[in-house]
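Here's the structure, in structure tokens; my notes come after.
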Amino acid sequence: MLSLWVTPPDVGSGAVHAALLVDSAVLLLEQEIRDGSERYQGLQELFPAAARMQRAAADLCGVRADAPDQRPWLRHTAWTSDEAPLARAPTSGPESGSAVDDYSFVRVAGDGVHEIPVGPVHAGIIEPGHFRFSVVGEKVLRLEERLGYVHKGVERRFTELDPLEGHRLAARICGDSTVAYSWAYCQALEALAGLQVPVRATWLRGICLEVERLQNHLGDLGALGNDAGFAFGLAQFSRLKEELLRVTESVFGQRYLMDVVVPGGVAIDPSADVIARLSSVLRDIAARVRLLRDIYDDHSGIRDRFAGAGVVTPELARQLGLTGLAGRASLQLRDLRADAPWSPYHALTPTPCIRREGDVAARVAVRFDEVAESSRLTRAFLSDLPDGPVTAPLALPREPRLAIGLIEGWRGPVLVALEITAAGRIRRCHVHDPSWQNWPALEHAIISNIVPDFPLINKSFNLSYSGHDL
Amino acid sequence: MIKTLRTIVGIGIVSELPPAQDDTLRVREALQQEVLSVLGRALCIRHVDAGSCNACELEIHALNNPIYNIEGLGIRFVASPRHADMLLVTGPVSRHMLTALRRTYDATPDPKLVVAVGDCGCNGGIFGTSYATVGSVSAVLPVDVAVPGCPPSPVRLLQGILTAIRQSVGDRTLKAL
Ligand code: SF4
């Protein structure tokens, strides 16, 4: 399952939608909802990841699924249980949200069991979320996540924007995946308009998406070395990442590629010489990373910490619907770039990087493999970059329609479902981060590991808070 | 091990001088001196994400890379607000982070500086003020310096941090007079 969302009946005829990936096609299921008090059949039995999506839909749209867990998920204190921000703006005053959230965590009873609450503000420079560990000694019996701290009302904000401006908000849903989100948004918008984007633009988008993947993988590989006590790794990888950020800026005018993907194409047409520079920097980086990989592989301390930590078996991964990079580290053979290639990936298709062990070491190995594969692919895109324009004018149809954009970002598939009205306004824009599927898997991965290994295991997934909390 | 050492020696020191475009930043020693003269020790910063999209965090991380080498300037990120002299706050302040942000501020010993980071921290950015966001850090805490940008580059961040320190030196000198 890719995603589940609700369009509340208050903004026209309501519906609950589920998007499924069947082979290389997206199957969209829709059930009409006439009245907010109606319940729909929950999908949590078939797709465990649906449980939180249904709870979030209840928080935002006021429409509930028939499911055992009816606790709020994204809602803490900023609005009340009778309010539904996507149906009507809550009437909350400026001070709302200052109270303390009294979420009912599941208690683990037993001799010697105690709880460790962590967050929302963590020790490092990372996003906020709350983790409740139940432990015996140092061993974790259970982890329960509480997210929603960075809920920013993104989906409501979309409805206030012009569809041709929405890509700027999409670009800021999850800052480390700005290309994936803005591309998915533009893909949906272009599908609504029936627009064929110029080839040069799709190739440049492909380059941006791969550069984004490389930036994130370099950052993570350094941070993971550091979490295993190898500061050398952090220094080396963060230096390489900075080098990539700088050359990215020289090509696209942005270190992080905010607002480079725009409706109808891309905002910048780089010149031949900066393209050549990017290509040579990528070659250097790939060579450096090969050396660093040997160093990581030879380092006994790193091997000790990575191997066998935070395991998600292929069987569990399948049940939970583990997706994207973390899925591929647990033998889930999905990579949309290869399975359902869109332009430019049908011209140059990457080989998916797969491992089966499902531990930290496997998630590190997939990153190393993908750095090599992505830099090869990006250089191939750069050397064969087609000529031509980089944007095409886009005109929206004057009828209500729904379209879906789907992009394999560095973390996994990012989905945008965009619905417009006859007047050309955004009626509903649902955005979905692969972290929705993978956060629950982290709760499983930590079981029987020790608390001090949590930062390392958590980092090996590196899931998004902002992309999830919306 | 040999490979590790060879890489270390091969790459050498890559740290750059603090950005030259702002004169106030030119001299590393002067900067360090200034931090020392204000605090008598390293400046300790506690970062708080109050609803950021995470790109501001990525640039704050970059300050720690060997190129910007912020620790070399006598500035350190710390885990607890109780050890901090400065809060670096990102995001449009989601209402769900209000309590945590206020508590972090209260836990930071006086005198403390607050630097709001990014367009979001300055004025809510694209998220603005809504049922879910307060819309700026200054609506919640007294802000000393606000650094615009989406996300602001590491150089801009460094300038913001140093401006806040400088301002506090200024304030103290005034008080002494
Ligand atoms: S200012 Fe820009 S980069 Fe920073 S949190 Fe806001 S949207 Fe993200």
Does the stretch A:105-125 hold any residues that are within 8 Å of chain B (Cβ to nearest Cβ) and open to solvent by 40 Å² or more (accessible area, probe 1.4 Å), and which are they? A:VAL121, A:ALA123
Among the candidates A:LEU406, A:LEU382, A:LEU377, A:LEU322, which residue alone is outside the structural domain of A:LEU21 (by TED's automatic domain parsing) and part of a loop (DSSP other than H, G, I, E, B)? A:LEU322
Residue in the stretch A:390-403 that is open to solvent by less than 20 Å² (accessible area, probe 1.4 Å), part of a strand (DSSP E or B) and at pLDDT below 95 present: yes
Return yes when B:VAL115 is more than 10 Å from chain A (Cβ to nearest Cβ), buried (at least 24 other Cβ atoms within 10 Å of the Cβ) and of a type outside the set (Gly, Ala, Ser) and no when it is not. yes
Check on A:GLN332, over 24 Å from A:GLY358 (Cα atoms), without any contact (Cβ under 8 Å) to a residue 60 or more places away in the chain and in a loop (DSSP other than H, G, I, E, B): no
Just to be sure I understand the filter: pairs with C-beta atoms under 7 Å, separated by 6 or more residues or on different chains, first member in the stretch B:3-15 and within 7 Å of chain A (Cβ to nearest Cβ) and among the hydrophobic types (A, V, I, L, M, F, W, C), second member assigned to a loop (DSSP other than H, G, I, E, B) and surrounded by 10 or more Cβ atoms within 10 Å (Cβ to Cβ). Which pairs pass? B:VAL14/B:PRO66; B:VAL14/B:ILE67
Filter the stretch A:127-153 for residues that are without any contact (Cβ under 8 Å) to a residue 60 or more places away in the chain and within 12 Å of another protein chain (Cβ to nearest Cβ) and give the result. A:HIS130, A:ARG146
I'm trying to understand the selection: among the residues of the stretch B:108-144, which are within 16 Å of the ligand (Cβ to nearest atom) and in a loop (DSSP other than H, G, I, E, B)? B:GLY124, B:GLY128, B:THR129, B:SER130, B:ALA132, B:VAL134, B:GLY135, B:SER136, B:VAL140, B:VAL143
Residues that are within 16 Å of the ligand (Cβ to nearest atom) and either in contact with a Lys or Arg (Cβ under 8 Å, 6 or more places away or on another chain) or at pLDDT 90 or above (or both): does the stretch B:76-83 have at least one? no
Within the stretch A:217-230, restricting attention to residues that are open to solvent by less than 10 Å² (accessible area, probe 1.4 Å) and of a type outside the set (D, E, K, R), which residue is nearest to A:SER300 (Cα to Cα)? A:GLY225
Whether any residue in the stretch A:60-76 is in contact (Cβ under 8 Å) with a residue 24 or more places away in the chain, open to solvent by less than 40 Å² (accessible area, probe 1.4 Å) and in a helix (DSSP H, G or I) is what I want to check. yes
Grab the helices (runs of 4 or more DSSP H) fully contained in the stretch A:177-255, keeping just those with 2 or more residues being without any contact (Cβ under 8 Å) to a residue 60 or more places away in the chain and within 14 Å of another protein chain (Cβ to nearest Cβ). A:199-227, A:231-252
Take the residues in the stretch B:48-107 that are in a strand (DSSP E or B) and more than 9 Å from chain A (Cβ to nearest Cβ), then tell me which one is most open to solvent (accessible area, probe 1.4 Å). B:ARG76
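The values are calculated or read from the model by the stated rules, or taken from the named source; none is laboratory data. Everything numeric here is computed off the predicted structure, so don't read it as measured data. Neighbour counts run over all protein chains shown; Cβ positions are idealised from the backbone, glycine included. Note: areas computed on protein heavy atoms with side chains; ligands, DNA, RNA excluded. Shrake-Rupley method; radii C 1.70, N 1.55, O 1.52, S 1.80 Å.
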